[in-house]
1. Among the listed residues THR28, THR87, THR18, identify the single one that is at pLDDT 80 or above and out of contact with any strand residue (DSSP E or B) (no Cβ under 9 Å at 6 or more places or on another chain).
2. How many residues does region 33-44 contain that are loosely packed, with under 14 Cβ neighbours inside 10 Å and either touching a residue at least 60 places away in the same chain (Cβ under 8 Å) or hydrophobic (A, V, I, L, M, F, W, C) (or both)?
3. Filter region 45-71 for residues that are loosely packed, with under 11 Cβ neighbours inside 10 Å, at pLDDT 85 or above and part of a helix (DSSP H, G or I) and give the result.
4. Kindly indicate which of ALA24, ALA6 is surrounded by 12 or more Cβ atoms within 10 Å (Cβ to Cβ) and part of a loop (DSSP other than H, G, I, E, B).
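The values are calculated or read from the model by the stated rules, or taken from the named source; none is laboratory data. Predicted model only: the values in this text are computed from it and were never measured. Methodologically, a virtual Cβ is constructed for each residue, glycine included, from the backbone with ideal geometry; neighbour enumeration extends over all protein chains shown.
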Amino acid sequence: MLGALAALGGRAVTSVQTLTAAHAPVYTAGGWARSRGWIDIKQAVTGKEARVIAEPEVTAVGSALLAAHGLGWKPAITTALNSRPDTPLSTAS
């Protein structure tokens, strides 16, 4: 059952990857992403990497993007995170 659930999660990662640039990492947050062990199992079963973003970071960026939208600004997500698409979010300043 554990392997089947991990494989199902791998299909979700594959689905997201089809919408991104080649070799772009997939990021997760909340829910089971809080469990390092579960992320490790999913990666071992699927062979696909999923990076984890801390929830406070997701909340802060989401709030900033909503505020920017309210002001009529249209920042790109990479601008909001002050990073390039191939840079891990945890290193964004």
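1. None of the others qualify; the one that does is THR18.
2. 1
3. Filtering region 45-71 for residues loosely packed, with under 11 Cβ neighbours inside 10 Å gives 47, 56, 63, 66-67, 70-71.
Still in the running and at pLDDT 85 or above: 63, 66-67, 70-71.
Of everything in region 45-71, those that are loosely packed, with under 11 Cβ neighbours inside 10 Å, at pLDDT 85 or above and part of a helix (DSSP H, G or I) turn out to be SER63, LEU66, ALA67, GLY70.
4. On the way: ALA6 fails: part of a loop (DSSP other than H, G, I, E, B).
Within the list ALA24, ALA6, the selection yields ALA24.
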